[in-house]
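Written below as structure tokens is the structure these notes are about.
The values are calculated or read from the model by the stated rules, or taken from the named source; none is laboratory data. Note that the structure is a prediction, hence the values are computed from the model and not measured. All Cβ positions, even for glycine, are placed from backbone atoms using ideal geometry, and neighbour counts span all protein chains on display.
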Amino acid sequence: MKKLLTILSTAALALFVSAVVMAVEDTASSSVTITFSEIAVVDVSGNPGTITIAAPSAGGDLPADASDNSTTMSWTSNVSGITSRKISGSLDVLFSGIDLYATVAAPGSDDGVSAGELKFTAAATAYDYVTGIKNCNVSAQTITFRASVTGMVAPYTSSSQTITWTLTAAV
């Protein structure tokens with residue numbers, strides 16, 4: 001009997017101790033703060049290939065237009081409220097006797113809407129190529145450049161001008 005009482009007492013004590021150990025808890029909490037500022041980033045994949053204007057097939061004709069679509073543009077934007085952004089292009093100096101046009105493809109909706117083909121008609125003037133950009137990250141949209149001879153001028157080799165692309169708030 002004494003042996004049984006010892007076994008029962010030991011078992012009861014073990015149950016009591018494990019119940020007390022299991023009943024002990026502690027919790028802690030953390031507060032995480034995230035700041036996500038407005039972002040406006042635009043990149044181009046590099047310079048387009050040289051646009052070579054070839055001689056016309058018949059005398060008296062102007063050379064045919066030439067184009068290049070080897071360059072792409074990517075942009076990342078987040079805006080608050082109902083504001084939106086746009087991508088503008090500005091050519092630093094016009095080409096003599098040649099009009100330059102550009103088209104920037106865009107996926108549409110809040111990722112931006114392409115204005116289609118626009119001509120750079122004045123130097124250092126910004127033209128809106130993509131509008132309606134809201135919260136998006138868009139990659140590898142094709143930029144197509146087209147050169148069109150407007151009148152015969154003296155030949156020139158590898159004349160380069162700079163186009164500045166700007167992602168900015170739409171006004």
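So which of Ala106, Ala102, Ala64 is part of a loop (DSSP other than H, G, I, E, B), surrounded by 18 or more Cβ atoms within 10 Å (Cβ to Cβ) and modelled with pLDDT of 95 or more?
Going through Ala106, Ala102, Ala64 in turn, just one is part of a loop (DSSP other than H, G, I, E, B), surrounded by 18 or more Cβ atoms within 10 Å (Cβ to Cβ) and modelled with pLDDT of 95 or more: Ala106.
Checking Asp92 against (1) surrounded by 14 or more Cβ atoms within 10 Å (Cβ to Cβ); (2) within 19 Å of Gly46 (Cβ to Cβ); (3) not aliphatic (A, V, I, L, M), which test does it fail?
Only one criterion in (1) surrounded by 14 or more Cβ atoms within 10 Å (Cβ to Cβ); (2) within 19 Å of Gly46 (Cβ to Cβ); (3) not aliphatic (A, V, I, L, M) is unmet by Asp92, namely (1).
So Met152 clears everything in (1) more than 15 Å from Ile87 (Cβ to Cβ); (2) aliphatic (A, V, I, L, M); (3) surrounded by 11 or more Cβ atoms within 10 Å (Cβ to Cβ) except one condition, right? Which one?
Of (1) more than 15 Å from Ile87 (Cβ to Cβ); (2) aliphatic (A, V, I, L, M); (3) surrounded by 11 or more Cβ atoms within 10 Å (Cβ to Cβ), only one is false for Met152: (3).
Listed here are the residues, each with its yes/no results for (1) polar (S, T, N, Q); (2) more than 16 Å from the chain's Cα centre (by Cα); (3) more than 21 Å from Thr166 (Cβ to Cβ); (4) surrounded by 15 or more Cβ atoms within 10 Å (Cβ to Cβ).
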{"residue": "Val41", "(1), (2), (3), (4)": "no, no, no, no"}
{"residue": "Gly60", "(1), (2), (3), (4)": "no, yes, yes, no"}
{"residue": "Ser96", "(1), (2), (3), (4)": "yes, yes, yes, no"}
{"residue": "Gly112", "(1), (2), (3), (4)": "no, no, no, yes"}
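When segment 102-132 is examined, which residues are found to be free of Cβ contacts under 8 Å to residues at least 40 places away in the same chain and among the polar types (S, T, N, Q)?
Matches in segment 102-132: Ser109, Ser114, Thr121, Thr125.
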